[in-house]
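Remarks on the structure that follows.
The values are calculated or read from the model by the stated rules, or taken from the named source; none is laboratory data. All figures in this text were calculated on a predicted structure; none of them were measured in a lab. For neighbour counting, all protein chains shown are included, and Cβ atoms are generated from backbone atoms with ideal geometry for every residue, glycine included. Heads up: the accessible areas ignore ligands, DNA and RNA and are worked out on the full protein's heavy atoms, side chains in. Shrake-Rupley method; radii C 1.70, N 1.55, O 1.52, S 1.80 Å.
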Amino acid sequence: MRWKLELVPIPVRDVERAKRFYSEQVGFTVDHDLRLGDGVRIVQLTPPGSHCSIVLGAGDGVTRVRPGSVQGVQLVVPDVVAARGELLARGVPVGPVQHVADGALADGPGGAWNSFVYFDDPDGNGWAIQEGAAESTAPGDGA
């Protein structure tokens, strides 16, 4: 059986502000922006090249998770330095390139699968960007 992760909910206070951040600054594509009545709004966005999307929502029944409480959502890119540069150019406050050495984060790149940058969205939800190896060699990419 194949299991595919398709959607990750990201709890936010202000859906419009979050939509602008993720689409205009981080560069995700807006797939859907639905208003379901009674103040319920759902916006689905997808990172370029990803098969998994995020959903931002507000209103009753969308999510019981506190805005800012999601931490460690991870994106994988072929070049973490270039990804960091793109985010900085779009005004996203992103940390330095770091790697894991002796069980702790250290400054500078550490090679494929061990180079990271971190950023938060306006609500404090935390993201990691990890440098992967060449295309289609991520764990779980088998057919």
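Yes or no: residue 42 closer than 24 Å to residue 88 by Cβ and of a type in the set (A, V, I, L, M, F, W, C)?
no
How many residues does region 49-80 contain that are loosely packed, with under 13 Cβ neighbours inside 10 Å and touching a helix residue (DSSP H, G or I) at 6+ places or on another chain (Cβ under 6 Å)?
0
Can you tell me which residue among 9, 96 is open to solvent by less than 80 Å² (accessible area, probe 1.4 Å) and in contact with a Ser or Thr (Cβ under 9 Å, 6 or more places away or on another chain)? Step through it out loud before you land on a result.
Values: 96 fails: in contact with a Ser or Thr (Cβ under 9 Å, 6 or more places away or on another chain).
From the options 9, 96, the qualifying one is 9.
Identify, please: which residue in region 12-48 is touching a helix residue (DSSP H, G or I) at 6+ places or on another chain (Cβ under 6 Å) and not β-branched (Val, Ile, Thr) and is, among those, surrounded by the fewest Cβ atoms within 10 Å (Cβ to Cβ)? Steps first, answer last, please.
Of region 12-48, the ones touching a helix residue (DSSP H, G or I) at 6+ places or on another chain (Cβ under 6 Å) are 12, 28, 30, 41, 43, 45.
From the residues that got through so far, the ones that are not β-branched (Val, Ile, Thr) too are 28, 41, 45.
On the way: 28: 21, 41: 17, 45: 23.
Among them, the one singled out is 41.
Answer with yes or no whether residue 68 is touching a His at 6+ places or on another chain (Cβ under 9 Å), small (Gly, Ala, Ser) and on the phi > 0 side of the Ramachandran plot. Break it down stepwise before answering.
Working: touching a His at 6+ places or on another chain (Cβ under 9 Å): no; small (Gly, Ala, Ser): yes; on the phi > 0 side of the Ramachandran plot: yes.
When the stated conditions are applied, residue 68 does not pass them.
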